[in-house]
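These notes concern the structure reproduced below.
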Amino acid sequence: MNDSHCHFQNCVESLHTTLARGGKEKYIVLGTNYHDWTSVAALAREYPNRVIPGFGIHPWFVNLVIAGEKFYNSKENEAEKVSDHSLDHKMIPPTWLNTLHEYLDEFPTAVVGEFGLDKLAIDKETKQKYNFEKQVELFKTMYSTAITRKRAMSIHCVKAHQQIFDLLQEFDSKALSKEAPFIEPYSQTVKGLALHSYSGSKEVLARILKLPTLKDKVYVGLSAFVNLRSLKKTQLVLPTIPGDKLLLESDLNDSEEAIESMQAILSYVSEVLDIPQNQVVELANENLEKFLSF
């Protein structure tokens, strides 16, 4: 079955092993921190029929964006400023958005993501939660990029589902605005929006699925890695996910481990919804094609 959200750029040799066995499964391989985009792109070039690339900045890496902005805006660092390729992994250069557009130019089916909001994770170096204001800023930038470039997007959210809804509602209202001129870029249509490994409440999900300009474009991903660790919530949410919105994913780095993980979430969904596994696979694969607008 197709994997709608994975990070196999972090374990390339494993992916080579998996793909060497043949098959037709497709994998949306999502970059998270700018520095892994080159690996994602390399996989997409090597396996154009199997790997669909995604390029985004995950909320866990917003501090690298902040560090890059400080470094490049400081006059004290003029002598040290070198090309983006020479930067260490402790910062992301302010030119990251230009690079994102370059990859979107190269890969017509590429996804924007993974990006999103996270109010739980702690930066291991600062021992503080990631700068939420910066997360929102990057969210808006990548969301608008996905819209203007007519690309699907994959969104991460942990303990910030109300904030995600508020942003989506804001964008939805702008898209519905009858006042001229329209507020760009939010007046344009979303191509596809995946709520990856959705861990929010069924109530928030229901509100998102009712947003007029988004309701036909939103998809809901489930993974064993995330959703089977919070069974109580997943048992409440799963039956409320429309069948034509369901995506299956591994959210893993290792493609060999993902095989077992994908089977686990498939078995769970099949059991809870009382639908044969082969029908769940067919449904999820069809939804992925619609999400990507193949």
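The order of Asp216, Asp254, going from fewest to most other C-beta atoms within 10 Å of their C-beta, is Asp216, Asp254. Once the convex hull of all Cα atoms in the range 166-285 is built, its volume per residue stands at 110 Å³.
Model label sites at Thr189 and Leu231, defined 7 Å from Cα along the beta-carbon direction, differ in position by 4.2 nm. Using C-alpha pairs below 8 Å separated by at least 6 residues, the relative contact order for the chain is 19 percent.
How much of the DSSP bridge set in the range 3-292 is antiparallel, in percent, rounded to the nearest 5?
So the antiparallel bridges in the range 3-292 amount to around 10 percent.
With the highest mean first, a sort of the peptides 52-60, 221-229, 281-289, 155-163 on other beta-carbon atoms found within 10 angstrom per residue produces 52-60, 221-229, 155-163, 281-289. With the convex hull drawn over the C-alpha atoms of the range 102-259, the volume per residue is 144 Å³.
Measuring between their Cα centroids, the range 219-290 and the range 1-38 lie 18 Å from each other.
Calculated from the alpha-carbon coordinates, the range 13-64 shows an Rg and a Dmax of 12.3, 40 Å respectively. Modelled this way, with points 7 Å down the Cα-to-C-beta line, the labels at Arg207 and Glu13 are 4.8 nm from one another.
Which log10 I(q)/I(0) values does the chain give at q = 0.09 Å⁻¹ under the Debye formula, counting every alpha carbon as one identical point scatterer? At q = 0.09 Å⁻¹ the computed log10 ratios are -0.43. Counting other Cβ atoms within 10 Å as a rough exposure proxy, the listed residues Asp251, Asp172 run Asp172, Asp251 from fewest neighbours to most. A straight chain from Asn278 to Asn98 at 0.36 nm per residue would run longer than the Cα-Cα distance by 60.6 nm. Summed over all non-identical Cα pairs, the Kirkwood treatment of the range 1-147 gives a radius of 16.3 Å.
Which value in deg cm²/dmol, rounded to the nearest 500, describes the helix-derived mean residue ellipticity at 222 nm for the chain, given -39,500 (n - 2.57) per DSSP H run of n ≥ 4 and division by the residue count?
-13500 deg cm²/dmol
Listed from fewest to most Cβ neighbours within 10 Å, the set His35, His16 follows the order His16, His35.
Every number here is computed from the coordinates shown, using simple stated rules; none is lab data. Values in this document were obtained by computation on a predicted structure and should not be read as measured data. FYI the Cβ positions are ideal-geometry reconstructions off the backbone, even for glycines, and counts take in every protein chain you see.
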